[in-house]
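**Student:** Got a structure for you, questions after.
The values are calculated or read from the model by the stated rules, or taken from the named source; none is laboratory data. A quick note: this is a predicted structure, and the numbers were derived from the prediction, not measured. So basically every Cβ, Gly included, is an ideal-geometry build from the backbone, and we count neighbours across all protein chains shown. Accessible surface areas use protein heavy atoms only, side chains included; no ligands, DNA or RNA. Shrake-Rupley method; radii C 1.70, N 1.55, O 1.52, S 1.80 Å.
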Amino acid sequence: MSDSPNDQKYSILGAEIWLRLAFMVIFALALKLAIVALTAFVVVQFIIVLFTGAVNNSLLAVSKSTSEFVLQSWLFLSFASEEKPFPFRDWPS
């Protein structure tokens with residue numbers, strides 16, 4: 001048997017599942033904030049491109065790293081990964 005994230009077993013009486021639930025609630029809230037931020041980045045980037053004809057590279061970098069955080073959060077929330085996103089690991093580059 002492999003030790004992939006999908007092989008993890010949880011018990012309703014075990015503390016691990018309840019601790020994971022607490023982290024899931026926190027990351028679900030963080031995910032909502034990240035999606036609001038990404039929406040703002042999209043609007044601002046569109047306005048910048050509309051008026052300048054060029055993408056703002058700084059805003060693009062922030063958008064990419066925030067998108068990675070969203071992906072990491074979804075993977076954790078969906079049990080596809082046991083790794084917790086930021087701040088339990090480095091912010092995505």
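**Student:** Mind telling me which of PHE41, PHE76, PHE51 comes out most flexible in a GNM of the chain, alpha-carbon contacts under 10 Å?
**Tutor:** Residue with maximal mean-square fluctuation among PHE41, PHE76, PHE51: PHE51.
**Student:** Can you list which of the trypsin sites (Lys or Arg not before Pro) found in the chain are DSSP loop residues with at most 14 other C-beta atoms within 10 Å?
**Tutor:** Values: sites: LYS9, ARG20, LYS32, LYS64, ARG89; in loops: LYS9, ARG89.
Hits after loop and neighbour filter: LYS9, ARG89.
**Student:** A follow-up question, please. Quick one: among LEU29, LEU50, LEU38, which has the greatest mean-square fluctuation in a GNM of the chain with alpha-carbon springs under 10 angstrom?
**Tutor:** Result: LEU50 has the largest fluctuation of those listed.
**Student:** Taking all protein chains as present, what is the carbon and sulfur share of the accessible area of the chain, in % to the nearest whole number, probe 1.4 Å? Before the final figure, lay out the partial values.
**Tutor:** Values: 4680 of 6660 Å².
Here carbon and sulfur together make up 70 percent of the probe-accessible area.
**Student:** Using R₀ = 25 Å, calculate the FRET efficiency as 1/(1 + (r/R₀)^6) where r is the Cβ-Cβ separation of LYS9 and PHE88; round to 0.05. Present the calculation step by step, with values, prior to reporting the outcome.
**Tutor:** On the way: r = 22 Å, r/R0 = 0.87.
The pair LYS9/PHE88 has a calculated efficiency of 0.70.
**Student:** Report, to two decimal places, the Cα Rg of the chain normalised by 2.2 N^0.38 Å (N = number of residues). Each step should come with its number before you reach the end.
**Tutor:** Numbers: Rg = 17.1 Å, N = 93, 2.2 N^0.38 = 12.3 Å.
Cα Rg divided by the expected 2.2 N^0.38 Å: 1.39.
**Student:** Something else now. Would you look at the GNM of the chain, springs on alpha carbons closer than 10 Å, and say which of GLU82, GLU68, GLU16 moves the most?
**Tutor:** With Cα springs under 10 Å in the chain, the top fluctuation among GLU82, GLU68, GLU16 is at GLU16.
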